[in-house]
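Below you'll find the structure, written out as structure tokens, and then a few comments.
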Amino acid sequence: MDMTTENFTNLFLQLGLENDEAAIEKFINDHHLPDSVKLYEAPFWNTAQKHFLIESLAQDAQWSEVIDHLDTLLRK
């Protein structure tokens, strides 16, 4: 069983992004999405990141809740 804590720090690690608090806050402040764009369609993701997001959401994986929270924050 995977015991990884599903939080922003670990989500950003999974996405290959800097995952300290300041980097996460900067990412959220620097990236905004209109309602018409799905999170995984955002232009700032690379191919691997897009696939991770799509697969995690499609499978209702352990990351789904954290990904949904990130999606919400990027739309504010």
Filtering the range 46-76 down to residues that are open to solvent by 40 Å² or more (accessible area, probe 1.4 Å), part of a loop (DSSP other than H, G, I, E, B) and modelled with pLDDT under 95 yields GLN59, ASP60, GLN62, ARG75, LYS76
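Looking at ILE24, is it surrounded by 14 or more Cβ atoms within 10 Å (Cβ to Cβ), part of a helix (DSSP H, G or I), of a type in the set (A, V, I, L, M) and touching a residue at least 24 places away in the same chain (Cβ under 8 Å)?
Details: surrounded by 14 or more Cβ atoms within 10 Å (Cβ to Cβ): yes; part of a helix (DSSP H, G or I): yes; of a type in the set (A, V, I, L, M): yes; touching a residue at least 24 places away in the same chain (Cβ under 8 Å): no.
Criteria not met by ILE24.
The values are calculated or read from the model by the stated rules, or taken from the named source; none is laboratory data. Remember, predicted model here, so these are calculated numbers, not experimental data. Here Cβ is always computed from backbone atoms with ideal geometry, including for glycine, and neighbour counts include all displayed protein chains. Remember, those area values only see protein heavy atoms, side chains included, never the ligands or the DNA or RNA. Shrake-Rupley method; radii C 1.70, N 1.55, O 1.52, S 1.80 Å.
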